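For reference, the structure is listed below as structure tokens.
What follows is calculated from the coordinates using simple rules that are stated; it is not laboratory data. Quick caveat: nothing in here was measured; it's all calculated off a predicted structure. FYI the Cβ positions are ideal-geometry reconstructions off the backbone, even for glycines, and counts take in every protein chain you see.
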Amino acid sequence: MAAEEAKGKEKAAEKTKGYKPEEVTVDTASIKMMKKALNEGIETIFDRAVTMKPCNIGVEGICCKNCSQGPCRLPLTKKIKDGLEEDTRKGICGATPETIAARNFARMVAAGAAAHSDHGRGVAETFLAAARKETHDYTIKDEQKLLEIAPDFGVEITVKEGDEEFPRDIWDIAVEVGEKALAEWGRQSGEIYYAKRAPEATYETWKKLGVVPRGIDREIVEIMHRTHMGVDQDYRNIIAQCSRAALADGWAGSMIATDLQDVMFGTPYPIHGQINLGVLEKDKVNIIVHGHEPLLSEMIVAAAQSQEMLDYAKSKGANGIILAGMCCTANEILVRHGMPIAGNYLQQELAIITGAVDAMVVDVQCIMENVANVADCYHTKLITTNPRARIASGRGTVHIEFDEHHAFEIGKEIVKTAVDNFTNRRPEQPILIPGEREMMVAGFSYEAIRYHLGGTFRGSYVPLNDNIINGRIRGIGGVVGCNNCRTVHDSAHLTVVKELLKNDVIVLTTGCNAMACGKAGLLTPEAARVFCGPGLAEVCETVGIPPVLHMGSCVDNSRILMAASEVVKAGGLGKSIADLPAAGSAPEWMSEKAISIGHYFVASGVYTVFGVTLPVTGAPRFQKHLFEELEKLYGGMWDLVEDPYEHAAKMIAHIDKKRKALGIDKARERVLMDMADRQKLEAM
Ligand code: NFS
Ligand code: SF4
């Protein structure tokens, strides 16, 4: 009895032990909100991270539940690990740890590719509806971009009459592009159109390996089939299918989403914005749009800015309307409209805890179910909008379904709901909005990079290449991805990025990493002086750009693929993406989308390092395939490095390896020996 009592007490103590805000984030605004949450007894993900520990078999990727004879768990013992004992682990059906881990990995790719691509499908459908003038809420904003992408779909942009050629009607072009784009999902054979956008040598590698995607849906479905009990039981073959599906995501589903969004809403060019919870304002109606698809948020932006809604807000005693984004929706409305960002993934509950959020509007992806419970603790209305994503938790959750044919009307209804709720703020609940609010410059599409780093007269990637060849810029780092409650919020993101900058590696960013960088002031031109090595600082200061280029949301990782392709095409840095002095990174990843992105980077030839954990470590041969053997096939490979300093160091070592292979390592040494450069460094 006494023992039991002691155990109970221990458990209770464990429960109340909780977390220390300063130990789980480096973001001071978040710390303030966590303290408020702890004071008010509001449970957040940071509490759950203490009480819910990950399963140590699942974390290594070696639990199979693909049939009801399992789940089969194959723990990796120390003896097997050290090679003292033969690895004879098997599931009930005989599946090896390699098969199990590869199947699990493949299903993550399938889910991630499906998420991005289903987003893309929605964009293509809306685009087609706009092109056919079935909706008046969307239009073609960027004709130039439409004309640029049309030939990639084999769509003519001119018409011939006799010997003469005339520009074709833009709406006709749009309809044909829309139809061809939408057909990429259901395509059964052949190749996705955009595969040819890759440098020829990269495309040839895919062709040789037989992994050029046929159609988007087909490749995702085939993963599900192959990973069903008793189908594909060769981890190498499973990974080849992962490449097809992931490439279909990066070079089709995501890329089409990005392109058609640009045509409808405008291609991003550098724009000022503000970030962190301090963008909320106490005396205004605060609406947070959280999720991923700009189709809806674009309309809410328009509605929130309409005189009708502003007047309505005034009639309810509010001083205006603040519309702020969260997660990738935030990136979408930032890069096109300069709308403020409230925060990244781990701040979604914290935003509501300010007490000042009148509505949180969500669509799909990365929305924690618990936002509904937190919203219930305040006056906040949680509004779901997508038929694919309803939330059962929460007494006050409402559903206002989005429909692209009446998009603006629905946008207004949502804004009106938020305004009405402004009057329901509870006087007994003190509002606390942290003061943190950083300035940033975002919106570096690959077109914008071409323009900004290009010559005075004409956009081109040649000057960027020249600076890489002469060594001022050592290489390119793509640092992207999520937050993860298993690691200190934003900490690894910032360490990896700062290490790269210090070593003259220019950083391209998207997703929650971009927001971490924004909050830390890295997305300003002034950051170049403070954080960069002398070469990179000089380039950034001359051109007037931040050393970290915010390229958008996670589907906009396709912009990084395009930028890499442009760099190859500009010449002097090899023939394929795999030849570039470049590396990818997701220091705090958590979502399945990140695995799909990671794998399309790897299959496109990029060395890609993940932080936190990777569910492959329990299957050493499979891990070796991903971390080593893939390099021989694709030129790119996976890696897992938890320590952010070592993480960056390995990226830099890879960049140097590529510089050496290109014969430009000497140029770099010369630059470093340069007296003028040294003096400049000392003066800093
Ligand atoms: Ni990307 Fe964007 Fe953030 Fe991760 Fe989620 S918001 S789509 S998945 S958590 S970076
Ligand atoms: Fe076990 Fe094989 Fe069934 Fe997986 S598929 S649960 S390894 S029997």
Check your understanding: How much length is gained on full extension from K35 to K208, taking 0.36 nm per residue of separation minus their Cα-Cα distance?
Key -> 56.7 nm
Point to revise | Centre separation in Å (Cα based) which lies between region 82-104 and region 522-600 | key: 37 Å
Exercise for review: Just check the chain against the gyration tensor rule for me: Cα atoms, a ≥ b ≥ c as the square roots of the eigenvalues, rounded for a/c under 1.5, and otherwise prolate or oblate depending on whether a/b exceeds b/c.
Suggested key: rounded
Point to revise | Distance in nm between pseudo-label sites at V159 and R48 (7 Å out along the Cβ direction from Cα) | key: 5.6 nm
Point to revise | Förster radius 22 Å - calculated FRET efficiency between E369 and R425, Cβ distance, rounded to 0.05 | key: 0.35
Practice item. Averaging over all projection directions, find the projected area of the Cα convex hull of region 521-646 and quote it in nm² with one decimal place. Key: 8.9 nm²
Review point. Just for the chain, what percent of DSSP beta bridges are antiparallel, to the closest 5?
Key: 25 percent
Exercise for review: Would you mind checking which residues have amide H under 5 Å from C554's amide H? H placed 1.01 Å from N; only 5 or more apart, or other chain.
Suggested key: G511
Study note, to complete from the structure: Least to most buried among R559, R621, R450, by other C-beta atoms within 10 Å and fewest first, runs R621, R450, R559
Point to revise | Rounded to the nearest 20 debye, dipole of the chain from Cβ charges on Lys, Arg, Asp, Glu | key: 1820 debye
Check your understanding: When the chain is fully extended, how far beyond the present Cα-Cα distance does K624 get from C93, taking 0.36 nm per residue of separation?
Key -> 188.8 nm
Check your understanding: Summing +1 for each Lys or Arg and -1 for each Asp or Glu, what net charge is found among the other residues whose Cβ lies under 11 Å from the Cβ of S297?
Key -> -3
Revision key, fill the gap. Whole-number value, in Å³ per residue, for the convex hull of the alpha carbons of region 509-586 is 104 Å³
Review point. If we count every other residue with Cβ under 12 angstrom of N237's Cβ, Lys/Arg +1 and Asp/Glu -1, where does the sum land?
Key: 0
Review point. Can you work out the base-10 log of I(q)/I(0) for region 234-313 at q = 0.21 1/Å, using the Debye formula on its C-alpha atoms alone?
Key: -1.13
Practice item. Work out how much length E646 to E23 would gain on full extension: take 0.36 nm times their residue separation and subtract the Cα-Cα distance, in nm to one decimal. Key: 222.2 nm
**Study point:** Candidate lysines for bridging to K79, where Cα separation is under 19 Å - those fewer than 8 sequence places away on the same chain excluded
**Key:** K90, K624
Check your understanding: Taking only DSSP H segments of four or more residues, each worth -39500 (n - 2.57), what value at 222 nm results for the chain once the sum is divided by all its residues, to the nearest 500 deg cm²/dmol?
Key -> -15000 deg cm²/dmol
Review point. What aspartates and glutamates sit close enough to K17 to cross-link, taking a C-alpha to C-alpha distance under 17 Å and skipping anything fewer than 8 places away on the same chain?
Key: E40, E43, D47
Review point. Taking K416 as the anchor, which lysines have their alpha carbon closer than 21 Å to its alpha carbon, excluding any fewer than eight residues away along the same chain?
Key: K282, K284, K314, K316, K381
Review point. Each label point is 7 Å from the Cα along the Cα-to-Cβ direction; what then is the distance between the points at K502 and D169, in nm?
Key: 6.1 nm
Study note, to complete from the structure: Most exposed to least, judged by fewest other Cβ atoms within 10 Å, V441, V398 sort to V398, V441
Check your understanding: For the pair R390 and K575, how long in nm is the line joining their label points, each one 7 Å along Cα→Cβ?
Key -> 5.6 nm
Review point. Between T88, L323, H489, whose Cα lies farthest towards the positive end of the dipole of the chain when Lys and Arg beta carbons carry +1 and Asp and Glu beta carbons carry -1, centred on the Cα centre?
Key: T88
Study note, to complete from the structure: Once phi for every residue in region 576-585 is put through the Karplus expression 6.51 cos²θ - 1.76 cosθ + 1.60 (θ = phi - 60°), the whole-Hz ³J(HN,Hα) values, with Gly and Pro written as x, are 10, 4, 5, 7, 5, x, 8, 8, x, 7
